[in-house]
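S.K.: The structure is given below, and queries will be raised subsequently.
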Number of protein chains: 2
Amino acid sequence: MPERVLLRYFDCLGRAQPIRNALVDAGVAFEDQRITIGHSWRMLKEQADGGPFGSLPVLEWGDDCVAQTLPIAGYLARRVGQYEGLDAMGIARLEMVASVAYLDVIVELAMMLWVPTAVPDSEAATRFSNHEARILHKVDRLDRMLASRSEPFFGGHRPAVADFFVVEAIDMTRAVLGERLDAALRRAPRLAEMRERLARRDAIARYVGEGKRPTRLTGSPNEAESLARIRRYVETANPVKFQ
Amino acid sequence: MPERVLLRYFDCLGRAQPIRNALVDAGVAFEDQRITIGHSWRMLKEQADGGPFGSLPVLEWGDDCVAQTLPIAGYLARRVGQYEGLDAMGIARLEMVASVAYLDVIVELAMMLWVPTAVPDSEAATRFSNHEARILHKVDRLDRMLASRSEPFFGGHRPAVADFFVVEAIDMTRAVLGERLDAALRRAPRLAEMRERLARRDAIARYVGEGKRPTRLTGSPNEAESLARIRRYVETANPVKFQ
């Protein structure tokens, strides 16, 4: 009997969607437990649900319980054999790709969406601009890194967990920055191609087709207002110079 | 001839001090290249110095070049043999300890020090309080996790890279939050003991004794003013409830 696998996170894309996608693509049957946004955070902090650090996401696999997004990514990569045959640098390459996509793109986007509505538009625009510059710089660097290799994915001929972090980072950037990301992707053809290729994979296409992706990006209580304000920022501010 | 090892980071503790300490403790001879704070960031972004993502820290080891703090931590752990004999959960345990100490303590402290001086005291105090609550909650959880094990370090009988992240997280918390951290450590006896034990290790004691640790915590241009403001906050605000 296969071991019980459970991923616990809020009902949004946020920190966990790359993990969900990688589990789906690897054919691992898992319970996708989604905590309602707005659920008492204190409860998670103090109950077993929040894992060893009182935080989400948490991945349970048989008797193992892993917390923190990047360690979960590494654990999953190991469990499905993606690190087999790789040396220290081969593993580090995948882990630094996942780290930059997660921390320097996904987390930066989340910070944009969490800017409180009480912050005046002018200050918000300054913050958006700083985040945008950092995000688009990393998209550019990820493309250069992928272009330096002959295989389609960072994982080689098959996507690794790191590839799912990159694609979610791109998709979340499109959802937040719209046309700005499209312009950046035209300068990043290898990333754009990799993203298309990944979306065509059977298990992923089926998962998306069945409408199983959460619709919220983050748990921000003012996500809709932030998205609208960022849209106004994109329409009026000049594109950032990220180089 | 041993391979050339170089760690490049700003002249502060910040994201890199746990890596420096772990290299020192493992007896790895390395060049500790320190970029002056205030140095043109654009230059790092565009030149080879900034590694594949135009960011620091960067660890060069022979022909390998690793970027991003947590992937550097994992690479170093592998190179010095700390993952040998560990299964996926054993590695994940070390990586989640390093991740929580780095992201939920060290990075949170850095955010406190980067709060601009223009932010009014009342708003700054709200931010400090939120950061403090998160930081002290994680210190408590790290202590519980260490207490659940019989060996003195997360790495077992010897410290692993993860232990150096925890100890730097504690020391930076003391430097920023002062007595608030001392009170938290009295409720965290295993962490306090581990920290003492680690400081007594020959190579670490010698390194500290020779005054080789940077004195700045971060690259924040207003670090001194922030430290003074946080001190006033600690003196006047009630301790946060983190449970």
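S.K.: Among the listed residues B:Arg174, B:Arg134, B:Arg190, which satisfies the condition of being basic (Lys, Arg), in contact with a helix residue (DSSP H, G or I) (Cβ under 6 Å, 6 or more places away or on another chain) and closer than 23 Å to A:Pro116 by Cα?
M.R.: Sole residue among the options that is basic (Lys, Arg), in contact with a helix residue (DSSP H, G or I) (Cβ under 6 Å, 6 or more places away or on another chain) and closer than 23 Å to A:Pro116 by Cα: B:Arg134.
S.K.: Determine if the range A:67-74 includes at least one residue that is under 20 Å from A:Ala26 (Cα atoms), polar (S, T, N, Q) and facing chain B (nearest Cβ under 10 Å).
M.R.: Within the range A:67-74, one or more residues are under 20 Å from A:Ala26 (Cα atoms), polar (S, T, N, Q) and facing chain B (nearest Cβ under 10 Å).
S.K.: Restricting to the range A:142-152, name every residue that is hydrophobic (A, V, I, L, M, F, W, C) and over 16 Å from the mean Cα position of the chain (by Cα).
M.R.: Answer for the range A:142-152, where residues must be hydrophobic (A, V, I, L, M, F, W, C) and over 16 Å from the mean Cα position of the chain (by Cα): A:Met145, A:Leu146, A:Ala147.
S.K.: Can you tell me which residue is farthest from B:Leu59 (Cα to Cα) among those in the range B:111-123 that are at pLDDT below 95 and assigned to a helix (DSSP H, G or I)?
M.R.: B:Ser122
S.K.: Please go through the range B:111-134 and give me each residue that is away from chain A (no Cβ under 11 Å), in contact (Cβ under 8 Å) with a residue 60 or more places away in the chain and either crowded, with 19+ Cβ neighbours inside 10 Å or among the hydrophobic types (A, V, I, L, M, F, W, C) (or both), ordered by number.
M.R.: B:Met112, B:Leu113, B:Trp114, B:Val115, B:Ala124, B:Ala125, B:Phe128, B:Glu132
S.K.: Go through the range B:194-243 and give me each residue that's touching an Asp or Glu at 6+ places or on another chain (Cβ under 6 Å) and within 14 Å of chain A (Cβ to nearest Cβ).
M.R.: Hit for the range B:194-243 is B:Val240, nothing else.
S.K.: Just to be sure, is B:Arg216 under 30 Å from B:Ser122 (Cα atoms), without any contact (Cβ under 8 Å) to a residue 12 or more places away in the chain and among the basic types (Lys, Arg)?
M.R.: Considered against the rule, which asks whether it is under 30 Å from B:Ser122 (Cα atoms), without any contact (Cβ under 8 Å) to a residue 12 or more places away in the chain and among the basic types (Lys, Arg), B:Arg216 comes out as no.
S.K.: On to the next question. Kindly indicate whether B:Leu6 is closer than 24 Å to A:Ala98 by Cα and exposed (fewer than 15 other Cβ atoms within 10 Å of the Cβ).
M.R.: Yes: the conditions hold for B:Leu6.
S.K.: Right, here's the next one. Mind checking whether some residue in the range B:200-212 is charged (D, E, K, R), modelled with pLDDT under 95 and under 20 Å from B:Asp121 (Cα atoms)?
M.R.: No; the residues of the range B:200-212 include none that is charged (D, E, K, R), modelled with pLDDT under 95 and under 20 Å from B:Asp121 (Cα atoms).
S.K.: Under 9 Å between Cβ atoms, which residue pairs at least 6 apart in sequence (or on different chains) link something in the range B:182-193 that is closer than 14 Å to B:Glu151 by Cα with a partner that is outside any helix (DSSP H, G or I)?
M.R.: B:Arg190/B:Arg149; B:Arg190/B:Pro152; B:Glu193/B:Pro152
S.K.: Considering only helices (runs of 4 or more DSSP H) fully contained in the range B:29-110, which possess at least 2 residues that are modelled with pLDDT of 95 or more and crowded, with 16+ Cβ neighbours inside 10 Å?
M.R.: Here the list reads B:69-79, B:88-101.
S.K.: Let me ask another. I'd like to verify a number: residues in the range A:135-150 that are buried (at least 23 other Cβ atoms within 10 Å of the Cβ) and not in a helix (DSSP H, G or I), how many?
M.R.: 0
S.K.: On the given criteria, is B:Arg158 more than 15 Å from the chain's Cα centre (by Cα), loosely packed, with under 13 Cβ neighbours inside 10 Å and outside any helix (DSSP H, G or I)?
M.R.: No.
S.K.: Using beta carbons and a limit of 9 Å, which pairs, at least six apart or on different chains, have the first residue in the range B:79-93 and more than 9 Å from chain A (Cβ to nearest Cβ) and closer than 15 Å to B:Leu23 by Cα and the second one of a type in the set (Lys, Arg) and surrounded by fewer than 16 Cβ atoms within 10 Å (Cβ to Cβ)?
M.R.: Filtered contacts from the range B:79-93: B:Gln82/B:Arg158.
S.K.: Which residues, taken from the range A:209-236, are over 17 Å from A:Leu181 (Cα atoms), of a type outside the set (A, V, I, L, M, F, W, C) and surrounded by fewer than 17 Cβ atoms within 10 Å (Cβ to Cβ)?
M.R.: A:Gly209, A:Glu210, A:Gly211, A:Lys212, A:Arg213, A:Thr215, A:Arg216, A:Pro221, A:Asn222, A:Glu225
S.K.: Is it true that B:Gly219 is of a type in the set (Gly, Ala, Ser) and touching a strand residue (DSSP E or B) at 6+ places or on another chain (Cβ under 7 Å)?
M.R.: Criteria met by B:Gly219.
The values are calculated or read from the model by the stated rules, or taken from the named source; none is laboratory data. Small disclaimer: the values here were computed from a predicted structure and weren't measured. So basically every Cβ, Gly included, is an ideal-geometry build from the backbone, and we count neighbours across all protein chains shown.
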